[in-house]
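Just so it is clear, none of the values below were taken in a lab; they were calculated from the coordinates. What you are looking at is a predicted structure, and each value in this text was computed from that prediction instead of being measured. No Cβ is skipped: glycine too gets one built from the backbone with ideal geometry, and neighbour counts run over all protein chains shown.
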Amino acid sequence: MVFNKKFKDQVALITGAGSGLGSALAFALGKQGAKLILGDVNQIALQKVVADLTALDIQVAFNVCDVSQNTDQVALVQLALDTWGRLDIAVNNAGICPPMHSFHEISEADFDFAMNVNTKGVFLGMKHQLSAMVKSELSGVILNVSSVAGLGAAPKLASYSASKYAVIGLTKTAAVEYAKKNIRINAICPFYTQTPLVTESQLSDKIEFLNNSSPMKRLATTDEIIDVMLMLCSPQNTYMTGQAIAVDGGVTAL
Ligand SMILES: NC(=O)c1ccc[n+]([C@@H]2O[C@H](COP(=O)([O-])OP(=O)(O)OC[C@H]3O[C@@H](n4cnc5c(N)ncnc54)[C@H](O)[C@@H]3O)[C@@H](O)[C@H]2O)c1
């Protein structure tokens, strides 16, 4: 099959690439010509994705990486520079959803876990990605994966919500700081999407309720989120920065 090579010669780093949105984005960017740097804490899942990408002749290098660890984030960016000589696009996608509890029953450990992976993971990634992009004096794109839970209440998921609100603060502040360097930084805020984070988790028995809480009466498909991620990463999307884009079937319009 011949693919449209909109991302030809672009080097794209994706965290959380072993599953769900991260792996789907890797295939989408790879099919459109990007060279990939992939990271995930789940080695087996990551290796399977890499093998499938390689079978399609997509150029890919990877590291097992826990985004909450500074040394892992340094190594992932260095892998991009060592392998492809540059970093054009970074997608801070890795994330976890902590157990659902009423606010007063959330443990300190669960709160710390959500903040460490979902917020500190994005902070550390951006710090080293920005450093590489500034040094290269090329333009750059960073896309952070927040959530509608970063734009409004997420009952029983207060720590997840807090961690995703913080991602938007990191996104907007860095976007203003680095706009003059032509580094565009945005966040995407999906509503519940058909990935393992929902379909193979504590949320799987709540899908009918979640469907009904959206004006479109359904979850997002992975492809519907990936299409917007591609638009946000596109070299043709030159004037959008500092935005938190909801892709939510109308949920935040309610
Ligand atoms: N699926 C949804 O409904 C939904 C909605 C809004 C936002 N999001 C966000 O989208 C992102 C992707 O989620 P998904 O739905 O594809 O989930 P997923 O569970 O399918 O994939 C997440 C991936 O991140 C990896 N990961 C987890 N902790 C990590 C860590 N510390 N370091 C590196 N990798 C780690 C996992 O191993 C997994 O491969 C997350 O940030 C999530 O919060 C998802």
**Study point:** the range 232-254 versus the range 1-58: alpha-carbon centroid distance in Å
**Key:** 22 Å
Revision key, fill the gap. The lysines whose Cα lies under 30 Å from the Cα of LYS206, excluding any fewer than 8 residues away in the same chain, are LYS48, LYS120, LYS156, LYS164, LYS217
**Study point:** Cα-Cα P(r), the range 1-122, percent of pairs per 5 Å interval
**Key:** 2, 12, 21, 21, 17, 10, 7, 5, 3, 1, 0
Exercise for review: Work out from phi, with θ = phi - 60° and the Karplus expression 6.51 cos²θ - 1.76 cosθ + 1.60, the ³J(HN,Hα) of each residue of the range 155-161, listed in order in whole Hz, and give x for Gly and Pro.
Suggested key: x, 6, 9, 4, 5, 4, 4
Practice item. Taking every Cα atom in the chain, find the radius of gyration and the maximum pairwise distance Dmax, and write them in Å. Key: 17.2, 54
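Taking R0 as 22 Å, what's the FRET efficiency between PHE209 and HIS104 from their Cβ-Cβ distance, rounded to 0.05?
Details: r = 22 Å, r/R0 = 1.01.
After rounding, the FRET efficiency stands at 0.50.
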**Study point:** Where labels lie 7 Å past Cα in the beta-carbon direction, separation of ASP9 and ARG86 in nm
**Key:** 0.7 nm
Check your understanding: When Lys and Arg each count +1 and Asp and Glu each count -1, what net charge do the other residues less than 15 Å away from PHE103, Cβ to Cβ, add up to?
Key -> -2
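With each run of n ≥ 4 DSSP H residues scored as -39500 (n - 2.57), what mean residue ellipticity at 222 nm is computed for the chain after dividing by its residue count and rounding to the nearest 500 deg cm²/dmol?
Values: 9 runs with 106 residues, N = 254.
After summing the helix terms and dividing by the residues of the chain, the value is -13000 deg cm²/dmol.
Set the Förster radius R0 to 41 Å, insert the Cβ-Cβ distance between LYS127 and LYS217 as r into 1/(1 + (r/R0)^6), and round the FRET efficiency to 0.05. Show your work: numbers first, answer last.
Numbers: r = 40 Å, r/R0 = 0.99.
So the FRET efficiency works out to roughly 0.50.
In debye, nearest 20: dipole of the range 50-126 around its Cα centre with unit charges on the Cβ of K, R (+) and D, E (-)? Mind showing how you got there, number by number?
On the way: 2 positive and 10 negative charges, 47 e Å.
The dipole of the range 50-126 has a size of about 220 debye.
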Exercise for review: State the antiparallel share, in %, of DSSP beta bridges confined to the chain, rounding to the nearest 5.
Suggested key: 0 percent
Revision key, fill the gap. Measuring from its Cα centre, the chain shows a charge dipole (+1 at each Lys and Arg Cβ, -1 at each Asp and Glu Cβ) which, in debye to the nearest 20, is 780 debye
Review point. At q = 0.26, 0.27 Å⁻¹, what base-10 log of I(q)/I(0) does the Debye formula yield for the range 32-81 when every alpha carbon is treated as an equal point scatterer in vacuo?
Key: -0.98, -1.02
Practice item. Provide the packing ranking of 104-112, 221-229, i.e. peptides ordered by the mean count of other C-beta atoms within 10 Å per residue, highest first. Key: 221-229, 104-112
Exercise for review: In debye, nearest 20, what is the charge dipole magnitude of the range 1-116 about its Cα centre with +1 on Lys and Arg Cβ and -1 on Asp and Glu Cβ, if you could check?
Suggested key: 780 debye
Check your understanding: Considering the dipole of the range 1-123 built from charges on the beta carbon (Lys and Arg +1, Asp and Glu -1) around the Cα centre, which of ALA55, HIS101, ALA90 is farthest to its positive end?
Key -> ALA55
